[in-house]
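Asks: For reference, the structure I am asking about is given below.
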Amino acid sequence: MSDKNLFTPTRLGPHTLNHRVVLAPLTRMRAFESATPTELMAEYYAQRASPGGLLISEATVISPLGFPHHNVPAVYTDKQVEAWRLTTDAVHAKGGIIYLQLWHGGRASHRKLQPDEALPVAPSAIIPEGGGSMLPDGTRAPFETPREMSLDEVHSTIKDFASAATLAMSAGFDGVEVHGANGYLPDQFLQDGSNHRTDAYGGSVENRARFLLEVVEAVSTQIGADRVGVRISPNNPFNGISDSDPTTTFSYLTRELNSRDIGYLHVIEPRVRGNEDFEPGAESVASRELRPLFDRTLISAGGFTRESGNALVAEGVADLIAYGRHFISNPDLPERFRQGIELTPYDRSTFYGGDGHGYTDYPYAS
Ligand SMILES: Cc1cc2nc3c(=O)[nH]c(=O)nc-3n(C[C@H](O)[C@H](O)[C@H](O)COP(=O)(O)O)c2cc1C
């Protein structure tokens with residue numbers, strides 16, 4: 001046990017953090033025009049910014065093929081990049097630090113969201129069990145059986161991640177987080193339930209981890225490894241993802257990420273599945289198992305309170321704690337934690353879509 005807590009300053013890559021209460025990436029589906037961020041989104045992020053505090057943006061799509069849902073933001077057109085400036089400027093004006101989460105849905109998509117209504121692409125033509133896409137007409141449709149990516153498509157998608165990272169930096173972000181969690185494309189390559197490829201990107205754990213590691217290398221070449229984070233979600237069945245040996249898969253990946261000197265590893269505890277609480281299996285891999293394998297900053301997320309966050313930081317298991325649902329309904333969450341102020345409960349019905357209600361109208365404590 002150390003005397004560290006959520007309010008002990010620390011470093012993250014090239015940045016100095018005044019506290020360790022991080023905004024977790026949260027999809028809110030309020031980018032209604034051409035996946036372009038809005039002024040309302042800038043206001044939402046600015047409300048949650050604090051001097052030397054880290055915000056991670058909602059998942060942001062890196063190419064026209066990457067949409068899991070409608071009304072989520074993207075980062076591949078000049079217009080989107082310019083519009084993200086509203087957010088980064090507003091967060092920086094409050095002394096905050098903001099990373100962009102880079103997203104490709106892979107098979108977690110639907111042809112109604114794809115160019116020319118083609119099938120979504122994935123490592124293998126395996127349909128996810130459960131889950132579905134929010135479509136432009138406002139309905140939710142089950143995911144479809146995707147089309148297996150060619151090797152050329154694998155390579156061009158890695159390049160798409162790298163150029164999206166470059167664009168993110170030109171939009172004023174302080175770094176990027178590769179979304180390797182929750183059953184989206186990099187996770188589909190990594191875990192063997194969704195990857196039956198027989199080329200260099202499938203089969204052994206070395207091959208299945210290759211896609212994510214090559215994405216990390218390509219992004220790092222563009223913006224510097226110390227500004228790159230990776231999010232993972234071991235033992236989390238969200239979007240129908242599964243692996244026959246999570247301990248081996250996630251230990252291997254963590255060691256490899258460690259050797260690539262990335263700024264941080266962001267681990268979702270297995271007690272959360274996507275956006276809700278979940279009963280994990282006894283053999284689950286979590287921050288505690290991965291900590292000894294990763295030397296730099298480790299962020300833990302998933303079901304934390306002020307007390308459990310402080311405890312994990314004091315123990316040295318996590319350096320930073322990311323909060324999702326509590327940060328939705330408490331824009332001043334770090335200050336509430338600092339002063340021990342009671343939290344406002346969140347309203348799940350306004351998580352996705354809509355206007356400022358349940359988005360920018362949650363109260364500050366003072
Ligand atoms: C409304 C909502 C949207 C989410 N969107 C994302 C996302 O875009 N990217 C991501 O990696 N995780 C996403 N998550 C998961 C959260 O980042 C976080 O891991 C989860 O809510 C558990 O943390 P909590 O218990 O503090 O809420 C989302 C969760 C919620 C509730």
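Asks: Taking interchain pairs and intrachain pairs at least six residues apart, which have beta carbon atoms under 9 angstrom, with the first residue in segment 19-35 and on the phi > 0 side of the Ramachandran plot and the second within 11 Å of the ligand (Cβ to nearest atom) and outside any loop (DSSP other than H, G, I, E, B)?
Replies: Partner pairs satisfying both residue conditions: Met29/Glu58; Ala35/Thr60; Ala35/Val61.
Asks: Also: Please go through (1) at pLDDT below 95; (2) in contact with a Phe, Trp or Tyr (Cβ under 6 Å, 6 or more places away or on another chain); (3) surrounded by fewer than 17 Cβ atoms within 10 Å (Cβ to Cβ) for Asn258 and return the number of the only condition it doesn't satisfy.
Replies: (1)
Asks: If you don't mind, there's one more thing I want to ask. Considering each of Arg48, Arg107, Arg111 in turn, give the residue that is in contact with a helix residue (DSSP H, G or I) (Cβ under 9 Å, 6 or more places away or on another chain), under 20 Å from Arg338 (Cα atoms) and either buried (at least 20 other Cβ atoms within 10 Å of the Cβ) or of a type outside the set (S, T, N, Q) (or both).
Replies: Working: Arg107 fails: under 20 Å from Arg338 (Cα atoms); Arg111 fails: under 20 Å from Arg338 (Cα atoms).
Criteria check complete, one pass: Arg48.
Asks: For the condition over 25 Å from Gly175 (Cα atoms) and surrounded by 14 or more Cβ atoms within 10 Å (Cβ to Cβ), what is the one hit in Val317, Val267, Val272, Val313? Don't jump to the end; show me each part of the working.
Replies: Details: Val317 fails: over 25 Å from Gly175 (Cα atoms); Val267 fails: over 25 Å from Gly175 (Cα atoms); Val313 fails: over 25 Å from Gly175 (Cα atoms).
Just one listed residue meets the conditions, Val272.
Asks: It is to be established whether one or more residues within segment 283-293 are within 16 Å of the ligand (Cβ to nearest atom), among the small types (Gly, Ala, Ser) and either under 30 Å from Met134 (Cβ atoms) or part of a strand (DSSP E or B) (or both).
Replies: Initially, segment 283-293 is screened for residues within 16 Å of the ligand (Cβ to nearest atom), giving 284-287, 290.
Next, only the ones that are among the small types (Gly, Ala, Ser) stay: 284, 286-287.
If we keep only those that are either under 30 Å from Met134 (Cβ atoms) or part of a strand (DSSP E or B) (or both) as well, we get 284, 286.
Yes, segment 283-293 has at least one match.
Asks: Say we look at segment 320-340 and pick out the residues that are more than 13 Å from the ligand (Cβ to nearest atom) and among the basic types (Lys, Arg); which of these is surrounded by the fewest Cβ atoms within 10 Å (Cβ to Cβ)?
Replies: Among residues in segment 320-340 that are more than 13 Å from the ligand (Cβ to nearest atom) and among the basic types (Lys, Arg), the one surrounded by the fewest Cβ atoms within 10 Å (Cβ to Cβ) is Arg338.
Asks: Condition check: assigned to a loop (DSSP other than H, G, I, E, B) and surrounded by fewer than 22 Cβ atoms within 10 Å (Cβ to Cβ). Does His357 satisfy that?
Replies: On the way: assigned to a loop (DSSP other than H, G, I, E, B): yes; surrounded by fewer than 22 Cβ atoms within 10 Å (Cβ to Cβ): yes.
So His357 fits the description; yes.
Asks: Within segment 17-43, which residues are in contact with a Gly (Cβ under 6 Å, 6 or more places away or on another chain) and polar (S, T, N, Q)?
Replies: Asn18
Asks: Looking at this structure, is Leu265 within 14 Å of the ligand (Cβ to nearest atom), among the hydrophobic types (A, V, I, L, M, F, W, C), free of Cβ contacts under 8 Å to residues at least 40 places away in the same chain and out of contact with any Asp or Glu (no Cβ under 8 Å at 6 or more places or on another chain)? Walk me through it before giving the result.
Replies: Numbers: within 14 Å of the ligand (Cβ to nearest atom): yes; among the hydrophobic types (A, V, I, L, M, F, W, C): yes; free of Cβ contacts under 8 Å to residues at least 40 places away in the same chain: yes; out of contact with any Asp or Glu (no Cβ under 8 Å at 6 or more places or on another chain): yes.
Yes: the conditions hold for Leu265.
Asks: Restricting the search to segment 90-146, which residues are under 30 Å from Glu335 (Cβ atoms), in contact (Cβ under 8 Å) with a residue 60 or more places away in the chain and not in a helix (DSSP H, G or I)?
Replies: Step one: filter segment 90-146 for residues under 30 Å from Glu335 (Cβ atoms), giving 90-103.
Applying the additional criterion that residues be in contact (Cβ under 8 Å) with a residue 60 or more places away in the chain yields 92, 97-103.
Result: Ile97, Ile98, Tyr99, Leu100, Gln101, Leu102, Trp103.
The values are calculated or read from the model by the stated rules, or taken from the named source; none is laboratory data. For clarity, every value in this text was computed on a predicted model and none was experimentally measured. When we count neighbours, we look across all protein chains shown, and the Cβ atoms used for this are built from the backbone with ideal geometry, even at glycine.
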